[in-house]
Amino acid sequence: MPKTVTPKSFGAPLGMYSHGMVAPGGEIVVVAGQVGMGPGGRVAGGDVVAQTKQALDNVRAVVEAAGCAMRDIVRLQTFLTHAGDIDGFMKARAEVFPRYFPDGAYPPNTLLVVSRLVMPELLVEIEAMAVKPAKAGRAPRRAAKPATRARATKRRR
């Protein structure tokens, strides 16, 4: 059964969703769209640069609460409410990505422009998907070998 993830510093979600979720086996972490709202539900500034930085910090908090690091993210999806904010989004990303991904291996990102988000003052929303690293010392599961005809016959006797 999937387990929801809510960082201790977060309030309740704004709707019917979880801030994050760990799938059975703890291998995939799906992060719900995070917006530019900081602790206490305050919008982080009125520009896309400040809101993008806050949204990425929120993604990081959910990923870390699930036992991952930013480097475990394998997919980002970004929604902007104005095409004119693309340059500001790129500026914010250029400022924070080197800190989050110091090896330069950046996750794929889809950027979409939408008509609006859940609250009109929100300018950006970012979703993420991460793969939780396997625990050290645990070998990956292998598929069971099918019984051969001889073994199957032997068991019936």
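Taken together, the values in this text are just the output of simple stated rules run on the coordinates, not laboratory data. In this text, all values refer to a predicted model and were calculated from it rather than measured experimentally. With ideal geometry, Cβ positions are generated from the backbone for all residues, glycine too; neighbour counts draw on all protein chains shown.
Think of each Lys and Arg Cβ as +1 and each Asp and Glu Cβ as -1; about the Cα centre, that makes the dipole of region 3-135 roughly 340 debye.
How many percent of the alpha carbon pairs in region 3-135 exceed a separation of 25 Å? It would help to have the intermediate numbers written out before the result.
On the way: 1792 of 8778 pairs.
It works out to 20 percent of all Cα pairs.
For residue 31, the amide hydrogen comes within under 5 Å of the amide hydrogens of 128, 129, 130, counting only partners 5 or more places away or on other chains and with H modelled in the peptide plane.
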